[in-house]
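The values are calculated or read from the model by the stated rules, or taken from the named source; none is laboratory data. In this text the structure is predicted, and so the values were computed from the model without any measurement. So basically every Cβ, Gly included, is an ideal-geometry build from the backbone, and we count neighbours across all protein chains shown. When the accessible area is computed, the model is the full protein with side chains, heavy atoms only, and any ligands, DNA or RNA have been set aside. Shrake-Rupley method; radii C 1.70, N 1.55, O 1.52, S 1.80 Å.
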Amino acid sequence: MESESQTETKKGKSKTPKKAKESILKQKSPAEFFAENKNIAGFDNPGKCLYTTVRELVENALDSAEAISELPVIEITIEEIVKSKFNSMIGLVDRERVDEALYDDYETTKAREKRLAKEARAQEIQAKNAALGKKVKEHAVSKSSKGRGEASFYRVTCRDNGRGMPHDDIPNMFGRGLPIEISSSMRGQNYLSFCRLDIDIHRNIPHIHLHEKRDNKDKWHGAEIQVVIEGNWTTYRSKILHYMRQMAVITPYAQFLFKFVSDVPDKNVTIKFARRTDVMPPVPVETKHHPSSVDILLIKRLIAETSKQNLMQFLQHEFVNIGKPLAERLIGEMGPEFSPKMAVKSLTDQQIVRIHQLFRQAKFDDPSGDCLSPAGEYNLRLGIIKELHPDMVATYSGSAQVFEGHPFIVEAGVSVGGKDVKQGLNIFRFANRIPLLFEQGGDVVTRTALKRISWNNYKINQTQDKIGVFVSIVSTKIPFKGTGKEYIGDDISEIASAVKSAIQQCCIQLKSKIVKKMQAREQQERKRNLSKYIPDASNAVYDVLQEMAKSHASKKRRYEEGDADILKKVSDHLITKETLYEKLTQHVEKVDYEMALEYATQTGVREEPREDIYLQSLDGKGNFFDFHSPIFVFRLFL
């Protein structure tokens, strides 16, 4: 009975209707989404946050200067802000600690004594190693020296000489944390726009603190952006400096001034990367979408934004490489429900899918590489020489190729020797002229250099030589892997093949140089050996001639007239050891010169010009034009 009553009670309870919770979908703004998913934007940790900030500011400054064909002059400053100064900036009063045991860096008396004893032992060992001449390792910073809660803040400032921003458009810049300060002026403006703003993350709109016009007495144009962020200079110092050095390699036409400013003078850093050339990459030509590179969503967007009325006009004007004859053939292949005059806005979802399928299956001409802006073989070579000072370098720039309808160009450089270059392979990767520093192991360039290039075949020792491998991939779509966009996958055969071919072309050039260098070294060694034995040979020959002269004088043995004249000169001391030494030395020099001349002549005849020289188009703005070659640019002024 009890079980029955319990059952009834449960049933009775279940009959009571419950109010179902309403399903609420919360919409987040883009700013709020990235604030919660910082790793996607490259803000994984404080160190990466500082690196990403520097990278974004530098790249935007470069784009701004190149947009107006101005040789970039970029100043980047990182100023360390101590905790007390940061607190005063945000209006927070410093407080003394009341409960020491509450903090992460608190240590008991016993733990402190133990730590001090350990540090004393470590110092004794270091002193002994120093006395014995052994390498002394730096003592690791203990946990108590800096607690987990002690955040480091930095003021990052980037100043350029680029386009600048219109006064009214500056508030459209978004920031986070402390307000961003922006100063900007465009060419010809007699005023400077200043704006201090931050962002309303939830509404994704700027919050403007100050927006005013100021005097521009220096007639400066460009932008200066200042932002205060949390970071870690200690752990990412090498990454940031490495990034700046690689930027100097790929953009030798730019001038960079990098500063790190701290209250501790020993930590200050100032590095200037000087400009090596004033030849800038070509300005890319605006292009339309290639039919084989679009997806359904992009087709729908193009339909919504197009100003064309019918399908025929839409295909001709919104896509590249589709002329009127091809457009008619495509429409005829789509099916009877399609016609050239049908309204493009009336296309159904099924019809759009049919268009997309046909785009994927049809054959189109490859897009041209005019829409790309590679660094250029000349600039790449100059950048490598400027920053690495290698013993020899070779560069190669391939022609435009295509993957999935997207054009791409691979440029490569291989160097041997140089300063600040470790033994083995040193790989430098660039995507659209931007250095890639992280996740190197999975990148197509790294895998190709390590596994697909037989370095020994090109007289290069992969482990002993100092090898620099530079590969720049430029495309309308870089196939990055992962959310951080830090490496290019190895799964696209067209790119992998182009990277391998470009590196091999550089290695072929280097092999020719290395072989010539080896032959020259062998020739010098042969000359050195011959010169080393000249004194002994002179003495031996002179002794033989003296004996022959004595035999001839005593008439024990008669020699022919020519030989007799030489023996008489020996007897009269007209031919001495010094004479023989001088003649042998002249002969060795003559043979060495003749062999070198013959080798140079044969090499010059055998090697035909392998690179064309291009003439830059002349416009009304300049009074000169350039002859471009991979190794030089000849500028002719009119």
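Structure values in brief
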read-out	value
Relative contact order, percent, region 313-436 [alpha-carbon distance under 8 Å, six or more residues apart]	19
Accessible area per residue in Å² at 1.4 Å probe, computed on region 296-361	57
Segment L450-R329, length gained on full extension (0.36 nm per residue, minus Cα span)	38.8 nm
Surface share of carbon and sulfur [accessible, 1.4 angstrom probe, percent] for region 387-436	40
Heavy-atom accessible surface of region 296-361: percent carbon and sulfur, 1.4 Å	51
Ordering of 518-528, 275-285, 229-239 by burial proxy (mean other Cβ atoms within 10 Å per residue, highest first)	229-239, 275-285, 518-528
Y593-D572 FRET efficiency (beta carbon distance; Förster radius 35 Å; 0.05 resolution)	0.60
Modelled FRET efficiency - R0 30 Å, L298 with A67, Cβ distances, 0.05 increments	0.75
Label-to-label distance, nm, for residues given as I208 and E582 (7 Å Cα→Cβ offset)	9.2
Accessible surface, region 389-603, averaged per residue in Å² (probe 1.4 Å)	55
Net length gained if the chain between Q357 and V285 were fully extended (0.36 nm per residue, minus Cα distance)	23.1 nm
Surface share of carbon and sulfur [accessible, 1.4 angstrom probe, percent] for region 460-516	46
Protection proxy ranking of 257-267, 62-72 - average other beta-carbon atoms within 10 Å, highest first	62-72, 257-267
Approximate spin-label separation Q423-L116, in nm, with each point projected 7 Å along Cα-to-Cβ	4.6
Packing-based ranking, highest mean first, of 402-412, 213-223, 313-323 given that Cβ atoms within 10 Å are counted	402-412, 313-323, 213-223
Cα centroid separation - region 218-282 against region 416-460, whole Å	24
Stretch gain in nm, segment D366-E525, where the contour uses 0.36 nm per residue and the Cα spacing is subtracted	51.8 nm
